[in-house]
Amino acid sequence: MSSSRDTILNKLRSTRRPFEAVAPRPAPYLPALSADDISPEALIERFQKAMTALQGHTIIAHGDAETRETVIDLLRRHEVTHILAWDFAHIPVADLESEVRNAGITITMPNTHEDHSPETMQWLGSAGAGLTGADAAIGATATLVLSTGPGKGRIPTVLPPIWIVVISSEQLFARMEDWLAQQRSLGLSAVLEHSNVAFVTGPSRTGDIEMQLILGVHGPGTVYVVIKQ
């Protein structure tokens, strides 16, 4: 006697039809967006324009020293005294951690696998900003590519009201297809070796409340991307 599960599965199998009319997968894919100029300057300009349209902010800094000064200035401007951060080995700026600490700003690198206590969660919730790097940035859409791993968890990117992302100009790609092509050449390492890969485009937003666009409901409402040249 067949079970209810078997009955349902048999019905589904009996209704399946081969997709004979579907065209074969094309060898080359046509890009969704054009990218006529892929020079570093053009990619930065395109990323900045897309981020501005999303109500985010892009700041260009030259070298490690100027990038450190930019990050400290942003934290002071928003009167942030406590941040959640990735391991600074994943943020492409030399000596940034020591500069942040010397500015009197407390750094927490969350590891909730070790402690889920209410006190810990309250402490994490008190942070005024998150500070991270990114795997890549997409110029056409101002999308940030983030993969999780040791020292680069999700909490700094979603919990604080302000998120500061520091990338180098070498991490910019014209289109998502270009980043995916690189990953294919590497054996899709960034996708297959991580439990989570996220694509974040601009500040958190929703239009669910009376069809009005509201920033910061499900994550940071203010996003700064600092691009180090």
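The values are calculated or read from the model by the stated rules, or taken from the named source; none is laboratory data. Please read all numbers here as calculations on a predicted model, not as lab measurements. Glycine gets a Cβ as well: all are built from the backbone with ideal geometry, and neighbour counts include every protein chain shown.
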Taking the range 147-177 and the residues there that are at pLDDT below 90 and over 14 Å from the mean Cα position of the chain (by Cα), the one that is surrounded by the most Cβ atoms within 10 Å (Cβ to Cβ) would be E177
| query | Quick one: would you say T141 is part of a loop (DSSP other than H, G, I, E, B) and crowded, with 18+ Cβ neighbours inside 10 Å? | reply | yes
Condition set of a type outside the set (G, A, S), part of a loop (DSSP other than H, G, I, E, B) and modelled with pLDDT under 95, scope the range 39-64, selection surrounded by the fewest Cβ atoms within 10 Å (Cβ to Cβ): answer is Q55
T108: passes all of (1) surrounded by 15 or more Cβ atoms within 10 Å (Cβ to Cβ); (2) over 29 Å from E170 (Cβ atoms) but (2)
Filtering the range 1-38 down to residues that are at pLDDT 75 or above and either in contact with a Ser or Thr (Cβ under 9 Å, 6 or more places away or on another chain) or over 30 Å from R175 (Cα atoms) (or both) yields S3, S4, R5, D6, T7, I8, L9, N10, K11
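Can A127 be described as crowded, with 22+ Cβ neighbours inside 10 Å, out of contact with any Phe, Trp or Tyr (no Cβ under 8 Å at 6 or more places or on another chain) and in contact (Cβ under 8 Å) with a residue 40 or more places away in the chain?
Taking the combined requirement at face value, the residue satisfies it.
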Subset of the range 146-183, residues part of a strand (DSSP E or B), hydrophobic (A, V, I, L, M, F, W, C) and over 20 Å from V71 (Cα atoms), comes to F173
Checked L74, L124 against criteria (at pLDDT 95 or above, within 20 Å of the chain's Cα centre (by Cα) and hydrophobic (A, V, I, L, M, F, W, C)); the one match is L74
Expected output for the range 195-212 (first residue under 20 Å from Q48 (Cα atoms) and modelled with pLDDT of 75 or more, partner surrounded by 10 or more Cβ atoms within 10 Å (Cβ to Cβ) and small (G, A, S), Cβ below 6 Å, 6+ apart or cross-chain) is G202/G56; P203/G56; P203/G221; S204/G216; S204/G219
* To do: Report yes if I138 is within 23 Å of T81 (Cα to Cα) and modelled with pLDDT of 85 or more, otherwise no.
  => no
